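A short worksheet on the structure shown next.
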Amino acid sequence: MTLTPLHMKDGDQSNGAISLMLFSHILGMYALSPFIGRLTDRLGRYPMLLVAGVLCAGGAAWAGTTPGEQFLGLTGGQTLVGLAWSFGIIASSGLLTESFPVGQRASIQGAGDLCMAAFGALAGISAGAIVAASSYRALDVGAAGLGIILVMAVIATATSRPRPATAAPSFS
């Protein structure tokens, strides 16, 4: 998200096009949150983390292979990355808070949010350094790789968890 506007500017796109891309990305992050929350409660946290990883990998790969002058590819890719963030943050927040007693959940969620903001700032700074040292495509390939790692980690975690003897296997 932080370097796509510069990539678009290098592709001679207008400030209006850049604003629309950012709007679409942020819409992906927040507009469907109530629906994603209900879906997460219904289908489980791990399946939604899988969706997050797939959307992250797909969106980053799409944006990363799109030249700076192509609005639709960059906007589509960044919108998928925004949706990936929404799926991921909702599912992971649920996993985090339900791992602690009720009396500790608010402070744990606050600490989790603080860490997310700090790592987001670090990621923004790192993204600039990666693009300066290499390219926008390299940044997006790395982001797509993180999505793939998330998918593999979720599968490994979900398949290694002990299951109750009477219940059918579940990813929740």
Item to check | Unmet requirement for Ile125, which otherwise passes all of (1) at pLDDT 95 or above; (2) among the hydrophobic types (A, V, I, L, M, F, W, C); (3) within 30 Å of Met8 (Cβ to Cβ) | outcome: (1)
Checklist entry - What residue, of Thr40, Thr66, is more than 23 Å from Thr157 (Cβ to Cβ) and among the β-branched types (Val, Ile, Thr)? => result Thr66
Checklist entry - Residue check, Phe100 against (1) in contact with a Phe, Trp or Tyr (Cβ under 8 Å, 6 or more places away or on another chain); (2) at pLDDT below 95; (3) within 18 Å of Tyr46 (Cα to Cα), all met but one. Which one? => result (1)
Item to check | Test set (1) within 22 Å of Ala138 (Cβ to Cβ); (2) β-branched (Val, Ile, Thr); (3) under 17 Å from the mean Cα position of the chain (by Cα) - Val51 fails condition number | outcome: (1)
Next on the checklist: Restricting to segment 131-148, count the residues that are in contact with a Gly (Cβ under 6 Å, 6 or more places away or on another chain) and among the small types (Gly, Ala, Ser).
Outcome noted: 1
Next on the checklist: For segment 154-163, check the following and say yes or no: at least one residue is at pLDDT below 95 and either under 18 Å from the mean Cα position of the chain (by Cα) or under 20 Å from Ala60 (Cα atoms) (or both).
Outcome noted: yes
Next on the checklist: Residues that are in a helix (DSSP H, G or I), in contact with a Phe, Trp or Tyr (Cβ under 6 Å, 6 or more places away or on another chain) and β-branched (Val, Ile, Thr): does segment 1-9 have at least one?
Outcome noted: no
Checklist entry - All but one of (1) over 13 Å from Thr4 (Cβ atoms); (2) over 14 Å from the mean Cα position of the chain (by Cα); (3) without any contact (Cβ under 8 Å) to a residue 60 or more places away in the chain hold for Ile89; which doesn't? => result (2)
Checklist outcome for this item: Cβ pairs under 8 Å, 6+ apart or interchain, first in segment 146-157 and under 14 Å from Arg45 (Cβ atoms), second at pLDDT 95 or above and not in a helix (DSSP H, G or I), ordered by first then second residue, are none
Next on the checklist: Considering only segment 63-75, I want to know if a residue exists there that is of a type in the set (Ser, Thr, Tyr), surrounded by fewer than 22 Cβ atoms within 10 Å (Cβ to Cβ), under 23 Å from Val131 (Cβ atoms) and free of Cβ contacts under 8 Å to residues at least 24 places away in the same chain.
Outcome noted: no
Item to check | Per-region count, segment 24-48, residues under 30 Å from Glu69 (Cα atoms) and over 16 Å from the mean Cα position of the chain (by Cα) | outcome: 0
Item to check | Residue list for segment 1-19, filter: free of Cβ contacts under 8 Å to residues at least 12 places away in the same chain and over 22 Å from Ser86 (Cβ atoms) | outcome: Ser14, Asn15, Gly16
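The values are calculated or read from the model by the stated rules, or taken from the named source; none is laboratory data. As the structure is a prediction and not an experimental result, all values here were calculated from the model. Using ideal geometry, Cβ is built from the backbone for each residue, glycine included, and neighbour counts are taken over all protein chains shown.
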